[in-house]
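Chemist: Structure in structure tokens, see below.
Since every read-out is calculated from the coordinates, none of them should be taken as a lab result. Just so it is clear, the structure is predicted and the values come from calculations on it, not from any experiment. We place every Cβ from the backbone using ideal geometry, glycine too, and count neighbours over all the protein chains shown.
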Amino acid sequence: MEYLVAVVLFAVSSSATPGPNNLMVMTSGLNFGVKRSLPLLTGICVGFAVMLLVVGLGFGQLFEMYPDLHLWINCIGTAYLLYLAWLIARSGDVGDSERQAVPMTFMKGALFQWVNAKAWVVATGAIAAFTTVGAGYYAQNLTISLTFLLVSFPSVGIWLLFGSMIKSVLKKTRYRRWFNYSMAILLVLSVFPVIKEISSTLF
């Protein structure tokens with residue numbers, strides 16, 4: 001029981017704290033509403049649970065065999081996050097259906113986990129901290145994945161609801177624009193540690 005409580009607490013703290021996933025979900029909630037953003041939320045939660053399973057099954061060993069693979073994933077992930085920040089900054093009026101881009105799909109939310117630096121840190125940290133070598137390893141891996149799947153929906157969903165709620169407050173296009181700019185800047189700032197790591201590796 002203590003083991004499960006520890007995993008749940010880790011899942012809540014890592015899923016609910018600010019990061020690329022939550023910033024994207026909140027911005028999507030503001031610009032598109034809860035209903036249209038549900039595929040993105042579901043994709044993030046399911047995608048990360050699958051990622052945990054795959055990492056637990058030994059995908060992390062590939063990084064030890066091929067260190068450059070981790071570098072390439074970081075580079076691609078950083079570029080993609082900066083692209084997302086640019087898209088967020090350019091988000092138009094919520095009511096302007098012609099100018100506004102469509103929300104991210106389930107598949108994009110799921111695949112995004114593989115280029116999300118925070119997702120990699122949480123996934124590898126969870127597997128390292130909450131598994132032990134032995135007969136129960138795969139059961140533990142499955143428990144961690146299912147726990148994150150269940151916990152991440154309300155933890156990340158709070159950010160979606162918050163984004164949707166402040167839509168009524170940010171009725172003026174100017175206010176929504178500044179909100180989108182702020183979220184874009186926060187997303188860029190969240191990438192800085194990864195950029196620093198990439199720079200130190202390359203130079």
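Chemist: Would you mind checking the pairs Lys35/Lys196; Lys35/Lys172; Lys118/Lys172; Lys172/Lys196 and listing those with alpha carbons more than 31 angstrom apart?
Modeler: Distance filter (> 31 Å) returns Lys35/Lys196; Lys118/Lys172; Lys172/Lys196.
Chemist: Continuing with this model, one more query. Once the Cα atoms of helix 117-130 and of the chain are each reduced to a long axis, what angle between those two axes, in degrees from 0 to 90 to the nearest 10, is obtained?
Modeler: Long axis of 117-130 versus the principal axis of the chain: about 30 degrees.
Chemist: What is the spin-label model distance, in nm, from Leu161 to Phe192 if the labels are put 7 Å beyond Cα along the C-beta direction?
Modeler: The modelled label-to-label distance comes out at 3.2 nm.
Chemist: Kindly put Thr124, Thr173 in sequence by how many other C-beta atoms sit within 10 Å of each C-beta, fewest to most. Intermediate results must be reported in sequence, preceding the final value.
Modeler: Numbers: Thr124 16, Thr173 13.
Sorted ascending by nearby Cβ count, the order is Thr173, Thr124.
Chemist: What angle, in degrees between 0 and 90 and rounded to the nearest 10, separates the Cα long axis of helix 20-32 from the longest principal axis of the Cα atoms of the chain?
Modeler: Long axis of 20-32 versus the principal axis of the chain: about 30 degrees.
Chemist: Between Ile73 and Trp178, how many nm apart are label points set 7 Å from Cα along the C-beta direction?
Modeler: 4.0 nm
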